[in-house]
Amino acid sequence: MASLKKLAEQTAWYGISSIAARFINYLLTPYLTYKLTAEAYGEQSIVYAAIPFLNVVFTYGMETAYFRFSNKGTDDKHVFSTGSISLICSTIFLTGALLLFKGPIATLLSIKEHPEFIVWSAYVIALDTLTTLPFAKLRNDNRPAKYASIRVLNILINIGCVYFFYSILPGLAKDSNSIFAKWYDPNLGAGYYIIANIVASGITFILLLREFLSIKIEWSSHLWKEMIIYSLPLMVAGFAGMINETFDRIMLGWWAPVATEKEKIEQVGIYSACYKLSLLITMFVQAFRMGAEPFFFQQSRGEDAPKTYARVMKFFVITVCGMFLLVALYIDIWKEFIRNKHMWAGLGVVPILLIANICLGVYYNMAIWYKLSHKTNSGAIITII
């Protein structure tokens, strides 16, 4: 029971940051559906559906590898430095590739008129990747308060910038002689949302400089090879998670049964707005994962680990089923968060998405076995099947 209490405390702290992020995005739904057209909201949704895929490539499972090897008896600082140097080098290379192929990528994502969105997204992904292991170190060192504080501050900065760009900047730009008039582009739409994200991610990186600068110029080829062998199959599993969570919006932009590209993007906007109503379970699953992953690795050393994992699963399922009923039975109330009533046409998918997220949460619980047993290849095989 003491171990479960510890997990609950950690989950609560990580929940503050995770749920706050999701909840504020949830609260942004009525604001953004009011400020943006369905097409612009669809463009923003497609970009933020692609970013998680690229995050998986940029981090390639190194976060979980860090948890595994730092709790395996290897010196934590050595693991942290080796993993961080690997991420720094790969981030430079991958960011350069995104900038080089911004045009084809924008066309692939059905936003060919805005290749600059790809450039700005690359900066967001790069900054987030460089903070991956510093954040993981805070979790592994059981410092959830600092972790949650920085995450929440990131959210507040992001929402402040979003409000400035969409509600304040247009007014300032009305003076044709002001610098704001030269800088403001009323046709940029979703672009300002990405710029707000860059500002927030940049400040987050600055706040984590202490952890980032603790990286030592220590490199172990042997350790790195072991970490890569362990982590690369996790990247395959990570793609599966992203397919479940975000790939639907990208495919809808390709194959929506409407006549024009503009209408396809509008359909993505409608679907994405309704998707926000399933976030209650998604928020809990995310918060649970943040606290549970390091907890599971730490508990693996104990004799009662299987019983602990079983109890965790039981209470997890009870909780998410309660959340499902809360949303599904009161959908007529929840839908009011979508200000554009034209977007209510997609409400039929909400119960399906809720059930899907419950299953995904159960999968995250069960998938811990191949991480603990160092059999990540099995996870990749299961994912491919």
(message) Please identify the DSSP H helices in the chain that span no less than 27 Å along the helix axis (Cα) and have a mean Kyte-Doolittle hydropathy of -1.0 or more.
(response) 2-35, 38-59, 76-100, 144-163, 221-245, 279-299, 305-328
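Using only the Cα atoms of the range 128-287, build the gyration tensor, take square roots of its eigenvalues as a ≥ b ≥ c, and label the shape rounded, prolate or oblate: rounded if a/c is under 1.5, else prolate if a/b is larger than b/c, else oblate. Present the calculation step by step, with values, prior to reporting the outcome.
Details: a/c = 2.15, a/b = 1.31, b/c = 1.64.
Oblate.
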(request) Rounded to the nearest Å, what's the spacing between the alpha carbon centres of the range 78-149 and the range 349-385? Just the number, please. (result) 24
(message) Give the aspartates and glutamates reachable from Lys225 as a straight Cα distance under 19 Å; neighbours fewer than 8 places away on the same chain don't count.
(response) Glu63, Asp75, Asp76
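Between their Cα atoms, which of Lys72/Lys137; Lys307/Lys371; Lys276/Lys371 are more than 22 Å away from each other?
On the way: Lys72/Lys137 15 Å; Lys307/Lys371 18 Å; Lys276/Lys371 30 Å.
Too far apart for the 22 Å limit: Lys276/Lys371.
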(message) Apply the a/c threshold of 1.5 to the C-alpha gyration tensor of the range 36-161 and tell me whether it is rounded, prolate or oblate.
(response) oblate
(message) Given the DSSP H assignment, sum -39500 (n - 2.57) over each helix run of at least 4 residues in the chain and divide by its residue total; what's the result at 222 nm in deg cm²/dmol, nearest 500?
(response) -25000 deg cm²/dmol
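Counting only heavy atoms of the protein chains, get the accessible area per residue of the chain (1.4 Å probe) and round it to a whole Å² value.
Working: 18020 Å² over 385 residues.
The answer is 47 Å² per residue.
First compute the accessible area of the chain with a 1.4 Å probe, then give the percent of it belonging to carbon and sulfur atoms.
On the way: 11830 of 18020 Å².
The nonpolar share, carbon plus sulfur, comes to 66 percent.
What relative contact order, as a whole-number percentage, does the chain give when Cα pairs under 8 Å and 6 or more residues apart are counted? Please list the in-between numbers first.
Values: 446 pairs, mean separation 117.2, N = 385.
That works out to 30 percent.
Taking a 1.4 Å probe, which of Ile198, Ile355, Ile333 shows the most accessible area, and what order do the others take after it? Present the calculation step by step, with values, prior to reporting the outcome.
On the way: Ile198 40, Ile355 85, Ile333 110 Å².
So the residues, ranked largest to smallest area, are Ile333, Ile355, Ile198.
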(request) Just subtract the alpha-carbon distance of Phe180 and Phe315 from 0.36 nm times their residue separation and send over the number in nm, one decimal. (result) 43.3 nm
(request) With a 1.4 Å probe and all protein chains in place, put Cys321, Cys359 in order of accessible area, largest first. (result) Cys359, Cys321
(request) Could you pull the accessible area for Glu266 with a 1.4 Å probe, rounded to 10 Å²? (result) 60
(request) Loop sites only, by DSSP: take the chymotrypsin sites (Phe, Trp or Tyr not before Pro) in the chain that have at most 15 other C-beta atoms within 10 Å and name the longest stretch containing none of them. (result) 102-218
(message) What does the extension gain come out to for Trp369 and Ile92, with contour length at 0.36 nm per residue minus their alpha carbon separation?
(response) 96.4 nm
(message) Need one word for the range 205-274: rounded, prolate or oblate. Basis is the Cα gyration tensor (sqrt eigenvalues a ≥ b ≥ c); a/c below 1.5 gives rounded, then a/b vs b/c decides.
(response) prolate
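In percent, how large is the relative contact order of the range 229-365, given Cα pairs closer than 8 Å and 6 or more residues apart? It would help to have the intermediate numbers written out before the result.
Values: 76 pairs, mean separation 45.6, N = 137.
The normalised contact order for the range 229-365 reaches 33 percent.
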(request) For His374, tell me the accessible area in Å² from a 1.4 Å probe, rounded to the nearest 10. (result) 70
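The values are calculated or read from the model by the stated rules, or taken from the named source; none is laboratory data. Quantities reported herein were computed from a predicted structural model and do not represent experimental measurements. In this analysis, Cβ positions are derived from the backbone assuming ideal geometry, glycine residues included, and neighbour counts consider all displayed protein chains. Protein only, heavy atoms only, side chains kept; ligands, DNA and RNA dropped before computing areas. Shrake-Rupley method; radii C 1.70, N 1.55, O 1.52, S 1.80 Å.
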